[in-house]
Amino acid sequence: MSIRERLSGNEAVATAMRQINPDVMSAFPITPSTEIPHIFSSFVANGQVDTEFIPVESEHSAMSAAIGAEAAGARSLTATSSCGLALMWEVLYVAASNRLAIALALVNRTLSGPININCDHSDSMGARDSGWIQIYSENNQEVYDNFVQAYRIAEHPSVRLPIMICQDGFITSAAVENIELLEDREVKEFVGEYCPDSYLLNSKQPLAVGPYAVSAYCMEAKRAQLEALKNAKQVTLDVAKEFAALSGREYGLFEEYRLADADYAMVIIGSAAGTAKDAVDQLRAEGKKVGLLKIRLFRPFPGEEIAAALQNARVIACMDRTESFNAQCGPLGAEVKSALFNARLMPVVINYVYGLGGRDVTVESITSVYADLIKIDQTNDAGEIYRYLSLRE
């Protein structure tokens, strides 16, 4: 039986953490994710969980402590944002290469500079190639549901990799929405107890974690890590199917919104997808064949499936909430273009940079993107393929 609640995105994540009752949480505060460990520490203090909470001196230490705890056999997690994730950079790679199923609640916030505390995806997109699974959330319900599913994906025997559950800073993390929670018992049974096959504190099975890899073995380790990441795609679908049976809420690798017959498609990540859906509905009412593809799983990138979903689109807009500074495309644009090329599909693809530093995304601004796509198709002139949206010239 579902429980109806009104929670912010941060409260929703902290609630999922409480229901999971992990063994160790190490954390250091940074806006706008500070509220997550703050709330969770109250659960620890009140005896609602028996988690060992470790306050540390930096985000690098937070991830290092999570790595040590996970390697020792404890289900571990942390939360951070922006520069906090950047300070973890070195040890993000250590966590992934050591195949440690740590969960990280990332509240997306722009990386300085210029100094800014609002939402964009420069933090998580900068870490996209660190070997972590990355799942993005549109709203508070999704970030709760995604976190409940996180350990089932990360701890699967064919995966065993860390997982990053992302939500947009302030836009969802601080905004209160109506959501449906599962009962504590249901979450606990769904996630299950953590019983790793091997861990440092198992005296019967001596183990080294993170040993030096000489040249004869380093590439093979990376290839094995890649295979595990690829496996995460099917595991994500399998876990989502079980979650749907429990909750009635269905998730996939991505969401297709009025896309099947769309001539003009937008590919987007995060909270702006909700705004884009309103724009799609408005334009559909005017008879325009527009659609939306919202990415949920970004790492591993489901390229074949996305290419198949976009195969009927004539003009596509890839929406990047970060800047790659290559003057060609953003991270999402690069992935989508690669997927389309590999599938021998050649629609016109325009890359938009939008929402940097918390710049508002409105129905009107999204509608203007679709207007651009329609004009490109009518004139057969793509013009500038790398554009900024809602920029004050």
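The values are calculated or read from the model by the stated rules, or taken from the named source; none is laboratory data. Bear in mind the structure is a predicted one, so any value in this text is a computation, not a measurement. FYI the Cβ positions are ideal-geometry reconstructions off the backbone, even for glycines, and counts take in every protein chain you see.
Annotations for the structure displayed:
- Every residue from the range 98-130 that is among the small types (G, A, S), more than 19 Å from I268 (Cα to Cα) and surrounded by fewer than 19 Cβ atoms within 10 Å (Cβ to Cβ): S112, G113
- At least 3 residues being buried (at least 20 other Cβ atoms within 10 Å of the Cβ) and not assigned by TED's automatic domain parsing to the domain that holds A154 is the threshold, and among the helices (runs of 4 or more DSSP H) wholly inside the range 257-347 those reaching it are 272-285, 331-342.
- Residue satisfying all of: in the range 177-202; modelled with pLDDT of 95 or more and exposed (fewer than 14 other Cβ atoms within 10 Å of the Cβ); farthest from Y144 (Cα to Cα) among these: E193
- Of all the criteria given as (1) under 27 Å from S137 (Cβ atoms); (2) out of contact with any Lys or Arg (no Cβ under 7 Å at 6 or more places or on another chain); (3) not in a loop (DSSP other than H, G, I, E, B), the one not satisfied by Q378 is (1).
- Residue selected from the range 16-36 under the condition within 18 Å of the chain's Cα centre (by Cα) and in a helix (DSSP H, G or I), by the criterion farthest from V49 (Cα to Cα): I36
- Residues of the range 240-256 classified as in a helix (DSSP H, G or I), touching a residue at least 40 places away in the same chain (Cβ under 8 Å) and over 16 Å from the mean Cα position of the chain (by Cα), total: 4
- Within the range 172-187, the set of residues being farther than 23 Å from I269 by Cβ and under 19 Å from the mean Cα position of the chain (by Cα) is empty.
- Yes/no for E142 being closer than 27 Å to V176 by Cα and surrounded by 18 or more Cβ atoms within 10 Å (Cβ to Cβ): yes
- Residue selected from the range 119-139 under the condition within 10 Å of the chain's Cα centre (by Cα) and among the hydroxyl-bearing types (S, T, Y), by the criterion nearest to N10 (Cα to Cα): S137
- S112 vs. criteria modelled with pLDDT of 95 or more and among the polar types (S, T, N, Q): no
- Restricting attention to the range 57-82, the residues being more than 10 Å from S26 (Cα to Cα), out of contact with any helix residue (DSSP H, G or I) (no Cβ under 8 Å at 6 or more places or on another chain), touching a residue at least 24 places away in the same chain (Cβ under 8 Å) and part of a helix (DSSP H, G or I) number 2.
- Restricting I115, I165 to those that are touching a residue at least 60 places away in the same chain (Cβ under 8 Å) and among the aliphatic types (A, V, I, L, M) reduces the list to I165.
- Residues (within 20 Å of R99 (Cα to Cα) and either in a helix (DSSP H, G or I) or among the hydroxyl-bearing types (S, T, Y) (or both)) located in the range 165-202: V191, Y194, S198, Y199
- Subset of the range 115-159 (residues that are more than 22 Å from V91 (Cα to Cα) and either part of a helix (DSSP H, G or I) or not assigned by TED's automatic domain parsing to the domain that holds V91 (or both)): N140, Q141, E142, V143, Y144, D145, N146, V148, Q149, R152
The rows are residues; the columns are (1) touching a residue at least 60 places away in the same chain (Cβ under 8 Å); (2) within 26 Å of the chain's Cα centre (by Cα).
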| site | (1), (2) |
| --- | --- |
| N326 | no, yes |
| S338 | no, yes |
| A343 | no, yes |
| I350 | no, yes |
| Y354 | yes, yes |
| V369 | yes, yes |
| E384 | no, no |
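- Qualifying residue in the range 34-51 (condition: free of Cβ contacts under 8 Å to residues at least 40 places away in the same chain and in contact with a Leu (Cβ under 7 Å, 6 or more places away or on another chain)): no
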